[in-house]
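The values are calculated or read from the model by the stated rules, or taken from the named source; none is laboratory data. Just so it is clear, the model here is predicted, and its values are computed rather than measured. So basically every Cβ, Gly included, is an ideal-geometry build from the backbone, and we count neighbours across all protein chains shown.
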Amino acid sequence: MLFSFAIFDSKPRKSVSIRRDVFRLSMPVLLSSLFQRLVSIVDVFLTGGLGASAIAATGLGQLLMVTTMTVFWGLSTGVTVVISHLWGAGRREEAARAAYVACLAGLVMTVVCSLAGSRWGGDIARLMGASGDVQELAAEYIRLVFLWMLWTTGLNLLSAIMHGAGNTRTPMEAIILVNILHVLLAWPLIYGKWGMPALGVKGAAIAINSSEFVGFAYLLIQALRKRYITFSRPDFGLFGRIWKIGWPVALERVAQQSGQLFYSSFIIAYGTTAYAAHQIGLSIESLSFMPGAGMGIAAATLMGQSLGAGKIRRARISHNEALRLAIVVMTVMALVFFFAPHFLIGLFSQDPDVIEKGSMFLKLVAFAQIPLAISFVYAGSLRGTGDTFYVFIITLVAMWGIRVALSWVASSWLHLSLYAVWGVFLIDWYFRGAAFAWRYHRRDLHGVVL
């Protein structure tokens, strides 16, 4: 197999040292991603007491926000890769200037997206085919999370800057702080506890905005204190290097999330209960993304720093160690999803139909865990080399040529069951894993210049 040599290494002593670096970088990222995702999961969990319509409305709002964040993830990936190369080469003042110009670009982009999302986000929920009661609940949630999305984009971009510098601990501290505040605010604001008004789904949005503001402020203070950002005249040459790497990532995320919107519209056609089960299943499944995403970011950072320092063998070993750890952890997740799906879905809903459908979703997800691990780490390593355009092309083909196209055929032409439409994502992820692995093993790391 293409990734088989990741399990063995001829120089175990060096591998152990790099394995520690992978753990040092990936574990805080894993926990950060976990706690970041928990913000959304907690909202779905808490609004579950308001009924399936509230779950569906919250899920639609989160999906639109994630879709909008695609451009910012492109910028964030670009700044992480460029800063990691500059830090590896010992050019830290230049890295701080790159961080500053990225922040300026992020601010301009946020203003545009915030205004557009708060104005037209509710209309998109209607166009997706949501029922009247779901539309009404979703409109206010979407308006509020977009109106104050600066705190979301700021958290994302400042975390990316620190990841490039090899500091994954501080972003973890910020997102833990966000989660603590979110839980303390969301429950009383949704249900009217502790003297607060019962705002329902609107209360969930207010809780997100308030807690993310505090997390953003904490990261900004730390970034300035540790001189990760230097105020200076904007260096558009550095921004050009960042965007050269970032724009394919932005398009990759646009392809992924817009495809996910279309894919979700096929699920909505099976009814509100089906979409509620889908949303709960996605919330639980996202927990399994954390190990792969963490190892992927660690692979990208170590790859970038190693290549910046001219250490090709270290770059290769870093990738192998990240891949090994991702496969082991996500195999455990696969076993949990396959053997305990009813228990997991039952934590979010007591509706027997939702539990039945959601449990089948998780069993299917179990078979995607290893290709997910492979995809995350290989894609991360490819991004660390600057090969982001290839990752974009494969994501585009997988999402639209496989997932969306086959789901449309299964639901609209063949009128197959909901489970058949869900099963299409397995083909998607197996294709991605194979395509990313093939590219990485053909990639010449000597002479990589960003």
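Points worth noting:
- Candidates are the residues of the stretch 314-367 that are under 16 Å from Leu287 (Cα atoms) and outside any helix (DSSP H, G or I); the one that is modelled with the highest pLDDT is Phe367.
- Residue count, the stretch 335-375 (criterion: among the aliphatic types (A, V, I, L, M), over 22 Å from Leu46 (Cβ atoms) and touching a residue at least 40 places away in the same chain (Cβ under 8 Å)): 8
- Options Ile327, Ile267, Ile297; residue that is of a type outside the set (D, E, K, R), over 29 Å from Val81 (Cβ atoms) and surrounded by 17 or more Cβ atoms within 10 Å (Cβ to Cβ): Ile267
- Qualifying residue in the stretch 93-106 (condition: of a type in the set (Lys, Arg) and at pLDDT below 90): no
Residue by residue, here is whether (1) over 21 Å from the mean Cα position of the chain (by Cα); (2) surrounded by fewer than 24 Cβ atoms within 10 Å (Cβ to Cβ) holds:
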residue	(1), (2)
Gly106	no, yes
Val134	yes, no
Ala160	no, no
Ile180	no, yes
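- For first residues located in the stretch 103-114 and farther than 19 Å from Ala217 by Cβ, partners that are among the β-branched types (Val, Ile, Thr) and crowded, with 20+ Cβ neighbours inside 10 Å and lie 6+ apart or on another chain with Cβ distances below 7 Å form the pairs Met109/Val71; Cys113/Thr68.
- Any hit, the stretch 181-202, residues being touching a residue at least 40 places away in the same chain (Cβ under 8 Å), assigned to a loop (DSSP other than H, G, I, E, B) and either of a type in the set (S, T, N, Q) or within 30 Å of Ala95 (Cα to Cα) (or both): no
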